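Since every read-out is calculated from the coordinates, none of them should be taken as a lab result. Since the structure is predicted, the reported quantities are computational estimates derived from the model, not experimental observations.
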Amino acid sequence: MKKRNIKIIWSNNNETFVSEGDDWFSAAEKAGLEIPSGCLTGSCGACEIDVNGNTVRACVSDIKSNKKSLLKVSLTSDPFWEN
C-alpha cells in the first residue's frame, strides 16, 4: 500500500510533503527548522509543537495524517530552553 503524501505548512511558511510515519525532526529539517529537544523520551516537553492546534511531543510521535492531509505546525517556545 502506498503511503499518503501529507502537506505540512510550517511556522516559517515553508511547505513540505511527508509520508505518514515519518519523524517530526527530519520533516522540520527539510523545512529549514529545528525542533528543540531535551530528554528525547517525552518527559521534559522541550520538543512540543502545535499541529492543527493540538500539542504533540515530537520525540515520541510520528507524523499522522488527518482527513484533509494538511497539517499546520507551529513551534512552541519556552524561555527555559532558550539560550
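Of note:
- Annotation: amide H-H contacts under 5 Å for L71 (H modelled 1.01 Å from N, sequence separation of 5 or more, or interchain): K7, I8, I9.
- Per residue convex hull volume, Cα atoms of region 5-75, in Å³: 73
- Computed 3J(HN,Hα) for region 18-24, one whole-Hz value per residue from the Karplus formula 6.51 cos²θ - 1.76 cosθ + 1.60 where θ = phi - 60°, is 9, 10, 4, x, 5, 8, 5, glycine and proline marked x.
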